[in-house]
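A.B. asks: Attaching a single structure in structure tokens format; questions to follow.
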Amino acid sequence: MKKYVALFLIAAAPFSLTNCDPEEVCKNVYLADLLMNNFSSIFDKEEDGKNYYDISQSILNSVGDLLDCKDNIKTAGKSKFKEQILFSTNPNFTDSKVVDEVEYDINEIEVDKSASIKENISFNVDGFYIVRSTADARNDVEERDELNNEDENSPVSLVGEVGHRIIKVENTKNTPTIINGKEIYLTRESVLITYE
């Protein structure tokens, strides 16, 4: 029995070494891979019955585990970034609803580079908001992994009443603005998209 095991290991070794050779692996050209990255929300001010927040996030063309082959990864072509903001009266989001949705055009993103989206948003209704974001929202870019474009969009790790991508708004005038019969919970005061 020991002889057969030893023969199998010797016979398999050349194949496994060839498959792990970085020079062989890096002869391939790899697709881009877009991920949501680096989210932050910072309270800016309270003014005129509104809470203002600076919200920053970025889309990364990820190298992933192909660090040795980064020169062989494609640039991510133009795409759409989608952001939804959900509102709830409680931190568990049992009564949540989408109160805002927007799409932004994103230019090409080179390998290991990112597009940063910075917004100043004013909220005018007390409650809890989740920012849900999706890179390549319309699947314009062919990617290595098509299933990792969304951020962590559920309130899973609450710290007190606020957690990842969750904003608690209070002390506002607490009534939605009505425009053309639609309730407006927030306004984007400014948006800046940069590339690095």
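A.B. asks: When only residues in the range 139-168 that are touching a Lys or Arg at 6+ places or on another chain (Cβ under 9 Å) and not in a loop (DSSP other than H, G, I, E, B) count, which is modelled with the highest pLDDT?
C.D. replies: The qualifying residue modelled with the highest pLDDT is E150.
A.B. asks: Of the numbered conditions (1) modelled with pLDDT of 95 or more; (2) in a loop (DSSP other than H, G, I, E, B), D95 satisfies every one except a single condition; which is it?
C.D. replies: (1)
A.B. asks: Give me the pairs: first residue in the range 116-130 and at pLDDT 95 or above and of a type in the set (S, T, Y), second residue surrounded by fewer than 19 Cβ atoms within 10 Å (Cβ to Cβ) and not in a strand (DSSP E or B), beta-carbon distance under 8 Å, and six or more apart or on different chains, which are they?
C.D. replies: From residues that are at pLDDT 95 or above and of a type in the set (S, T, Y), the pairs are S116/E196.
A quick yes/no check of all residues on (1) at pLDDT 90 or above; (2) on the phi > 0 side of the Ramachandran plot; (3) of a type outside the set (S, T, N, Q); (4) open to solvent by less than 40 Å² (accessible area, probe 1.4 Å):
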{"position": "N38", "(1), (2), (3), (4)": "no, yes, no, no"}
{"position": "D54", "(1), (2), (3), (4)": "yes, no, yes, no"}
{"position": "D71", "(1), (2), (3), (4)": "yes, no, yes, no"}
{"position": "T89", "(1), (2), (3), (4)": "yes, no, no, no"}
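A.B. asks: Yes or no: S190 at pLDDT below 95 and not charged (D, E, K, R)?
C.D. replies: no
A.B. asks: Here is a further query. Output the number of the condition that T172 fails; it satisfies all remaining conditions of (1) open to solvent by 40 Å² or more (accessible area, probe 1.4 Å); (2) in a loop (DSSP other than H, G, I, E, B); (3) modelled with pLDDT of 90 or more.
C.D. replies: (1)
A.B. asks: Related question: Being part of a strand (DSSP E or B) and in contact (Cβ under 8 Å) with a residue 60 or more places away in the chain is the filter here; which residues of the range 98-113 pass it?
C.D. replies: Selection gives V99, D100, V102, Y104, I106, I109.
A.B. asks: Assuming E183 fulfils every condition listed in (1) modelled with pLDDT of 95 or more; (2) open to solvent by 70 Å² or more (accessible area, probe 1.4 Å); (3) part of a strand (DSSP E or B) apart from one, which condition is it?
C.D. replies: The one condition E183 does not meet is (1).
A.B. asks: Which residues, counting only those in the range 105-138, are open to solvent by 30 Å² or more (accessible area, probe 1.4 Å) and of a type outside the set (G, A, S)?
C.D. replies: D105, N107, E108, E110, D112, K113, K118, D126, R132, R138
A.B. asks: From E24, E47, grab the single residue that is at pLDDT 90 or above and charged (D, E, K, R).
C.D. replies: Only one candidate qualifies: E47.
A.B. asks: List every residue pair whose Cβ atoms sit under 6 Å apart, with the two residues 6 or more apart in sequence or on different chains, where the first one lies in the range 63-75 and is closer than 12 Å to D33 by Cβ and the second, anywhere, is among the small types (G, A, S).
C.D. replies: Listed by first residue and then by second, the contacts come to K74/A32.
A.B. asks: Ok, one more. Take the range 47-81 and flag every residue that is closer than 21 Å to S122 by Cβ, part of a strand (DSSP E or B) and not hydrophobic (A, V, I, L, M, F, W, C).
C.D. replies: Those that are closer than 21 Å to S122 by Cβ, part of a strand (DSSP E or B) and not hydrophobic (A, V, I, L, M, F, W, C): E47, K50, N51, Y52, Y53, D54, S56, Q57.
The values are calculated or read from the model by the stated rules, or taken from the named source; none is laboratory data. This one's a predicted model, so the numbers in the text were calculated from it and none came from an experiment. Glycine gets a Cβ as well: all are built from the backbone with ideal geometry, and neighbour counts include every protein chain shown. Just the protein is used for accessible areas: all its heavy atoms, side chains included, with ligands, DNA and RNA removed. Shrake-Rupley method; radii C 1.70, N 1.55, O 1.52, S 1.80 Å.
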